[in-house]
Amino acid sequence: RDGTVTAVAGQVGDRVVAGTPSPDDAPSRRPFVRLADLEALVVRAAVAPRDVPLLATGQPAVAAIDGAGPPVLGEVVGVEPAPGPDGTYGVTVATTLPPPALRIAQPADLRIVVDRATNVLVVPPAAVRVTGPNRGTVLVRPPEARGPDRAVAVTTGLADATSIEIRDGLRAGDVVLVPDEPVP
């Protein structure tokens with residue numbers, strides 16, 4: 001098998017027993033040699049049960065590894081069928097062409113694309129006061145600041161950590177205010 005040796009669990013003269021490797025917590029049966037494929041990047045993540053139904057193999061993903069260069073594109077190659085001891089589901093994302101500065105076991109920020117919308121209006125999440133499922137209000141400044149700011153009911157769509165899609169209630173060019181304090 002091709003790879004780079006990343007660990008050797010023994011010394012000259014040690015007895016090596018052939019067979020299936022067991023978990024690392026059994027030192028006498030640890031794999032004698034660990035190999036890594038440095039030509040590919042595999043990111044493993046824990047996903048909350050509420051998000052697992054949104055995931056499937058083949059979905060595009062982006063892995064950002066702190067200090068290892070620009071984000072790397074990949075795809076979901078596995079979703080565990082059962083949760084682990086912590087109640088989360090394991091998800092594996094793979095990609096080729098990892099950044100040269102990458103090291104094994106570096107933490108990564110993983111984003112999996114579960115849906116996509118183009119040419120839509122978006123606002124920061126802090127601008128939306130949620131009033132129900134896919135409903136909220138935003139504070140809008142009138143054109144040329146003529147008159148008081150007003151709360152406008154909106155229909156929301158897709159959302160992530162940086163933006164929320166506005167499907168109805170705003171027009172391109174509307175000035176949306178983001179409060180200094182989080183909106184309840």
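The values are calculated or read from the model by the stated rules, or taken from the named source; none is laboratory data. Just so it is clear, the model here is predicted, and its values are computed rather than measured. All accessible areas refer to the heavy atoms of the entire protein, side chains included, with ligands and DNA or RNA removed. Shrake-Rupley method; radii C 1.70, N 1.55, O 1.52, S 1.80 Å.
Some notes on this structure:
- The residues of the chain expose on average 71 square angstrom of accessible surface per residue, using a 1.4 Å probe on protein heavy atoms.
- In the complete set of protein chains, residue-level accessible area for Asp180 is approximately 150 Å², probe 1.4 angstrom.
- Considering only alpha-carbon pairs that sit under 8 angstrom and 6 or more positions apart, the relative contact order computed for region 22-138 is 26 percent.
- Expressed as a whole percent, the accessible surface of the chain that belongs to carbon and sulfur atoms is 54, based on a 1.4 Å probe.
- Among the listed values [x] -1.41; [y] -1.55; [z] -1.27, the one computed from these coordinates for log10 I(q)/I(0) by the Debye sum over Cα atoms at q = 0.19 Å⁻¹ is [z].
- Protein-only accessible surface at a 1.4 angstrom probe places the residues Val130, Val175 in the order Val130, Val175, largest first.
- Our coupling estimate for region 75-85, obtained by passing each phi through the Karplus curve with A = 6.51, B = -1.76, C = 1.60 and θ = phi - 60°, is 8, 5, 10, x, 10, 4, x, 9, x, x, x Hz, Gly and Pro reported as x.
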